[in-house]
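For reference, the structure is listed below as structure tokens.
The values are calculated or read from the model by the stated rules, or taken from the named source; none is laboratory data. Predicted model only: the values in this text are computed from it and were never measured. Here the Cβ positions follow ideal geometry from the backbone for every residue, glycine too, while neighbour counts run over all protein chains shown. In case anyone asks, the SASA skips ligands and DNA or RNA and just uses the protein heavy atoms, side chains included. Shrake-Rupley method; radii C 1.70, N 1.55, O 1.52, S 1.80 Å.
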Amino acid sequence: MKHFINLRNIPIRELKKIINDAKKRKKLRRNLNTLDSDPDQPLKGKLLIQMFEKSSLRTRLSFYIAIKQLSGGALTLRTDELHLSKGGESLTDTAKIISTFGNAFMLRTDSEEKLSTLKKNMTIPLINGLSPNSHPTQVLSDVFTIEEIKKKPISKLQICWIGDSNNVLNSLIEASVKFSFKLNIGCPKKYQPNKSLLKWANKNKGKIKIFSNSKLAAKNSDVIFTDKVISMNDKVNKAKKIKDFKNFKITSYIMKFAKKDAIFLHCLPRGTEVTNDVFLGRQSKVFQQAQNRIYVQKSILLYCFGKLRN
């Protein structure tokens, strides 16, 4: 049994196995319908329990389809229907009950503490579908998408993030260390990434540069990433924050500083951080990026169950 909580805690050989397995499984599904099972039916009879404390579209859909294609089943719990949300049952007891009924648990949470408590008390794999500090399933899928489009290892590419320092960027920083790729980060000075995370990255030979100028960050990049400036449950002065990021909007002008064949990615949902002509333009691969969540979630599930193919 293996958990999937943060990319930094998973050996690179395992992360590469997940991506390679996802590549193979995607090829095998070219002539199959959405809910047709993979021929090997590796998780037949297994139940994935999901719970969302934050809104979810892509994570919810992709994990549901992923477990179904692996011949398992999915059950989604709502926090307002559980004793958990009313304080009637401890998180420890909830973890034990879920472990009794299900075979894996995917949680999208508003609390790192909840994730930690569940991990300590579950006897089934726990998958982090998003937490305040991390979004590992999204970023591993993004690595998959980049390699699929660019047809080369991500270690040979220069990646650029322009925008807020949030949970997606945290996981992208961890991925940059694990996969050894160059990462430029463009953001206002007072919105720079977590110092302890940067310290960890530097200690582990991370190739990370931070710019307070979006044009310099984008220069010669193969991929431009961004995300919403105002994240879910972001308790800030929204008008002020949007103003602070006015020079970090992804426009066709900014894209010109990247390589000619650069692609644009966004984990969605989008806000005002990117113009329509970029988001809907030829360099944008956001919908391919979203669909690929299915294939990587499948291989993450197989990793957790110890059933990845060599």
Revision key, fill the gap. P269 fails exactly one of (1) more than 21 Å from the chain's Cα centre (by Cα); (2) of a type outside the set (S, T, N, Q); (3) more than 11 Å from I162 (Cα to Cα), namely (1)
Revision key, fill the gap. If we take the range 90-169, then helices (runs of 4 or more DSSP H) inside it with 1 or more residues that are surrounded by 24 or more Cβ atoms within 10 Å (Cβ to Cβ) and not aliphatic (A, V, I, L, M) are 136-150
Point to revise | Any chance L169 is closer than 24 Å to F52 by Cβ, in contact with a Cys (Cβ under 9 Å, 6 or more places away or on another chain) and modelled with pLDDT of 95 or more | key: yes
Review point. Does D40 count as acidic (D, E), touching a Ser or Thr at 6+ places or on another chain (Cβ under 9 Å), farther than 23 Å from P136 by Cα and open to solvent by 70 Å² or more (accessible area, probe 1.4 Å)?
Key: yes
Review point. Is it the case that the range 89-105 has a residue that's at pLDDT 95 or above and within 20 Å of the chain's Cα centre (by Cα)?
Key: yes
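I'd like the full set of residues that are touching a residue at least 60 places away in the same chain (Cβ under 8 Å) and in contact with a Phe, Trp or Tyr (Cβ under 9 Å, 6 or more places away or on another chain), limited to the range 269-285.
E273, K285, listed by residue number.
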**Study point:** Top-ranked residue of the range 242-262 - restricted to ones that are surrounded by 16 or more Cβ atoms within 10 Å (Cβ to Cβ) and farther than 23 Å from T145 by Cβ, ranked as modelled with the lowest pLDDT
**Key:** I242
Point to revise | Extreme residue, most open to solvent (accessible area, probe 1.4 Å), among residues of the range 170-208 that are more than 18 Å from T226 (Cβ to Cβ) and outside any helix (DSSP H, G or I) | key: K205
Practice item. Considering only residues that are open to solvent by 60 Å² or more (accessible area, probe 1.4 Å) and within 13 Å of Q50 (Cβ to Cβ), look in the range 61-80 and name the one that is modelled with the lowest pLDDT. Key: R78
Check your understanding: Under 9 Å by Cβ, and 6 or more places apart or on different chains, what pairs join a residue from the range 286-297 that is closer than 12 Å to R270 by Cβ with one that is of a type in the set (K, R) and not in a helix (DSSP H, G or I)?
Key -> V286/R270
**Study point:** Residues being out of contact with any Phe, Trp or Tyr (no Cβ under 9 Å at 6 or more places or on another chain) and assigned to a loop (DSSP other than H, G, I, E, B) - total across the range 31-55
**Key:** 16
Check your understanding: Which ones in the range 209-237 are open to solvent by less than 60 Å² (accessible area, probe 1.4 Å), free of Cβ contacts under 8 Å to residues at least 60 places away in the same chain and either assigned to a loop (DSSP other than H, G, I, E, B) or touching an Asp or Glu at 6+ places or on another chain (Cβ under 8 Å) (or both)?
Key -> N213, I230, D234
**Study point:** Failed criterion for A22 (all others in (1) in contact (Cβ under 8 Å) with a residue 60 or more places away in the chain; (2) open to solvent by 20 Å² or more (accessible area, probe 1.4 Å); (3) closer than 21 Å to T145 by Cα; (4) not basic (K, R) hold)
**Key:** (2)
